[in-house]
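Accompanying notes for the structure given below.
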Amino acid sequence: MAHSKALLVLENFIGGRFVPCSSYIDSYNPSTGDVYCRVPDSGKEEVEAAVKAAKAAFPLWSSKSPLERSQILNKLADLIEDDLEAFAQAESKDQGKTITFARAVDIPRAVYNFRFFASSILHHTTECTEMPTLGCMHYTSRTPVGVAGLISPWNLPLYLLTWKIAPAIACGNTVVAKPSEMTSVTAWMMCKLLEKAGVPHGVVNVVFGTGAKAGEALVCHPEVPLISFTGSTLTAQRITERSAPHCKRLSLELGGKNPAIIFDDADLTQCIPTTLRSSFANQGEICLCTSRIFVQRGIYSEFLKRFVAEAKKWKVGNPSDPTVNVGALISKEHLEKVKSYVKKAQAEGARVLCGEGVDSLVLPADNQKGYFMLPTVITEVKDESCCMQEEIFGPVTCVVAFDTEEEVIERANSVKYGLAATVWSSNVGRVHRVAQRLQCGLVWTNCWLVRDLNLPFGGMKASGIGREGAKDSYEFFTEVKTITIKH
Ligand code: NAD
């Protein structure tokens with residue numbers, strides 16, 4: 001198609017060099033609806049070259065000491081941090097998220113991912129047991145696996161990509177990464193810093209393109225023994241099928257339909273602002289976002305009134321305006337999909353209390369064609385409704401009442417997903433009891449999104465397989481061997 005303005009053109013990064021591609025795909029600025037960037041449409045050939053480069057780099061990189069690798073990761077963290085503002089601007093433009101969120105969350109966390117694994121790799125120990133009567137001792141040793149295939153989504157682009165690259169290379173693997181075709185720019189910017197950080201050529205290769213072409217070529221490559229994937233449950237099923245003939249090691253971080261359970265003894269002054277954030281932060285495009293809010297009947301009316309009044313204050317508009325709370329959704333198709341859920345809920349008899357279809361959305365002139373939507377609160381919705389069962393992944397949340405602890409646990413667990421939950425109560429015994437019985441990998445009580453990267457992250461049921469974190473990522477990205485010595 002014809003493009004009026006000069007477009008940003010990305011290139012693959014293979015073997016330490018930027019390499020043009022024979023075909024490209026358009027990438028849109030979600031806040032204007034304009035094409036502003038062209039992303040390589042890589043396929044088998046590009047993936048083949050990247051795997052070859054990663055394989056060639058493996059012997060040298062895997063033989064470096066953890067300390068040497070740690071120093072390089074720290075240097076890369078420093079370089080990204082030096083450019084934090086440029087990265088934040090790029091992430092906001094590419095993804096539609098607010099500049100405030102990109103500055104405060106995405107890029108600082110990408111920096112921290114490298115610092116965290118630069119440190120944690122220095123502190124792992126292996127196991128040793130003895131059998132004195134047999135004169136034997138056993139110990140374990142861990143070695144990097146080889147070329148890691150890393151596939152990441154569009155909602156937290158550099159944040160999630162570096163959450164994979166950092167542990168993979170800290171452990172001595174080399175990688176071929178494929179970011180989402182919709183948000184590739186910050187990964188490309190990071191590639192420009194690798195040489196200066198001291199990352200040897202071929203250790204980090206980035207191949208841009210679609211899931212169907214570049215992603216599948218990586219998943220099916222016989223010399224990529226492990227795939228770390230974050231994205232939708234549907235794509236994970238496809239990846240599982242396609243990788244099965246090779247018996248690949250998979251880490252799958254998938255979707256969620258996360259409940260917030262608010263008991264009548266909750267501190268609403270903390271709970272309401274946090275639940276607004278957990279519902280609408282990053283346009284609701286975080287796998288950990290709350291989309292089902294269960295409120296105990298005694299405080300239901302008060303909660304709903306205050307929650308809706310506060311939701312209406314969230315400002316939607318130009319992501320680069322620092323006073324804006326909600327930016328643009330990732331694409332026109334996604335916006336339409338999210339809106340269609342609101343329509344379906346209404347058709348089923350639910351009430352929309354604010355947002356889509358109820359309030360008017362006023363946008364600046366430059367953003368009229370952007371993919372914006374108001375924070376939307378739905379109530380009087382049945383647990384069986386698609387809005388209460390399926391991941392919407394937008395600024396839409398449902399609020400319903402409950403009576404007893406037993407009832408709410410059952411209802412919270414009655415979805416196919418099991419990623420995260422939040423529980424609000426000042427009764428510590430209840431908080432423990434409920435947290436134990438919720439079917440999900442993470443439970444926050446009286447807070448949301450507070451993370452210690454040392455501890456496991458991941459989901460149950462359709463929300464994923466495997467965990468990530470200091471020890472968990474170390475185990476995933478290394479092979480363990482048990483060695484027995486008889487003396
Ligand atoms: P997606 O599954 O459509 O795409 C994710 C990545 O997989 C992209 O890079 C895409 O190009 C690639 N891909 C698509 N088809 C592929 C295939 N057949 N083979 C190989 N790769 C393929 O997901 P998305 O729409 O980009 O992201 C949103 C989803 O990600 C939501 O479901 C969200 O909950 C989930 N998510 C989960 C976590 C978590 O940690 N659990 C974090 C963020 C997002």
Checklist outcome for this item: Rounded to a whole number, the Stokes-Einstein D of the chain in µm²/s (Kirkwood radius over Cα pairs; 20 °C; 1.002 mPa s) is 91 µm²/s
Checklist outcome for this item: Any lysines whose Cα falls less than 17 Å from that of Lys64, other than same-chain ones fewer than 8 residues away, would be Lys55, Lys75
Checklist outcome for this item: Percent antiparallel among DSSP beta bridges confined to the chain, nearest 5, equals 45 percent
Item to check | Nearest-ten-degree value, helix 84-95 long axis tilted from longest Cα axis of the chain | outcome: 60 degrees
Next on the checklist: Compute, for segment 259-445, the length of the dipole vector about the Cα centre, with Cβ point charges of +1 (Lys, Arg) and -1 (Asp, Glu) only. Units Debye, rounded to 20.
Outcome noted: 280 debye
Item to check | Least to most buried among His432, His487 (fewest other Cβ within 10 Å first) | outcome: His487, His432
Item to check | Percent of alpha-carbon pairs separated by more than 30 Å within segment 259-445 | outcome: 16 percent
Next on the checklist: If amide hydrogens are placed 1.01 Å from N in the peptide plane, which non-local residues have theirs closer than 5 Å to the one on Ala177?
Outcome noted: Leu150, Asn205, Val206, Val207
Checklist outcome for this item: If one compares the long axis through the Cα atoms of helix 297-311 with the longest principal axis of the Cα atoms of the chain, the angle in degrees, nearest 10, works out at 80 degrees
Checklist entry - Check Ala421: other-chain or 5+ apart residues with amide H under 5 Å from its amide H, H built from backbone geometry? => result Leu442, Val443, Trp444
Checklist entry - What is the gain in length, in nm to one decimal, between Lys481 and Lys55 on full extension, counting 0.36 nm per residue of separation less the C-alpha to C-alpha distance? => result 151.2 nm
Item to check | Charge dipole magnitude, Cβ of K and R +1, D and E -1 - the chain, Cα centre, debye nearest 20 | outcome: 460 debye
Item to check | Helix 107-120 axis, angle to the chain major axis (alpha carbon atoms, nearest 10°) | outcome: 40 degrees
Checklist entry - Whole-Hz Karplus ³J(HN,Hα) for segment 153-164, in order, using 6.51 cos²θ - 1.76 cosθ + 1.60 and θ = phi - 60°, x for Gly and Pro? => result x, 9, 7, 10, x, 6, 3, 7, 5, 6, 5, 9
Item to check | Net lengthening on full extension, Thr140/Gln439 (0.36 nm per residue, minus Cα-Cα) | outcome: 104.4 nm
Checklist outcome for this item: Percent of all Cα-Cα pairs per 5 Å bin for segment 129-260, counting from 0 up to the last occupied bin, reads 2, 10, 19, 21, 17, 11, 7, 5, 4, 3, 2, 1, 0
Checklist outcome for this item: Looking only at lysines whose Cα falls under 20 Å of Lys343's and that sit 8 or more positions away or on another chain, we get Lys257, Lys312, Lys332, Lys382
Item to check | For segment 140-173 and segment 57-119, distance of Cα centres in Å | outcome: 12 Å
Checklist entry - Just from its helices, what would the mean residue ellipticity at 222 nm be for the chain, if runs of 4 or more DSSP H residues each count -39500 (n - 2.57) and the sum is divided by every residue, rounded to the nearest 500 deg cm²/dmol? => result -11500 deg cm²/dmol
Checklist outcome for this item: Checked against a 21 Å limit on the C-alpha separation, the offending pairs among Lys339/Lys369; Lys5/Lys213; Lys196/Lys248; Lys305/Lys339; Lys213/Lys344 are Lys5/Lys213; Lys196/Lys248; Lys305/Lys339; Lys213/Lys344
Next on the checklist: Please enumerate, by chain and number, the aspartates and glutamates with C-alpha under 15 Å from the C-alpha of Lys416, excluding those fewer than 8 residues away in the same chain.
Outcome noted: Glu253, Asp383, Glu384, Glu390, Glu391
Checklist entry - Each residue of segment 466-483 in turn: what ³J(HN,Hα) in whole Hz from Karplus with 6.51, -1.76, 1.60 and θ = phi - 60°, glycine and Pro shown as x? => result x, 10, 10, x, 4, 6, 5, 5, 4, 5, 5, 8, 10, 9, 9, 10, 9, 10
Checklist entry - Which ordering of Leu73, Leu60 is given by a fewest-first count of other beta-carbon atoms within 10 Å? => result Leu60, Leu73
Item to check | Listed residue (Asn318, His221, Asn454) projecting farthest to the positive dipole end of the chain, Cβ model | outcome: His221
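Read the figures in this text as sums done on the coordinates, not as results from a lab. This one's a predicted model, so the numbers in the text were calculated from it and none came from an experiment. As a convention, Cβ positions derive from the backbone with ideal geometry for all residues, glycine included, and neighbour counts pool all protein chains shown.
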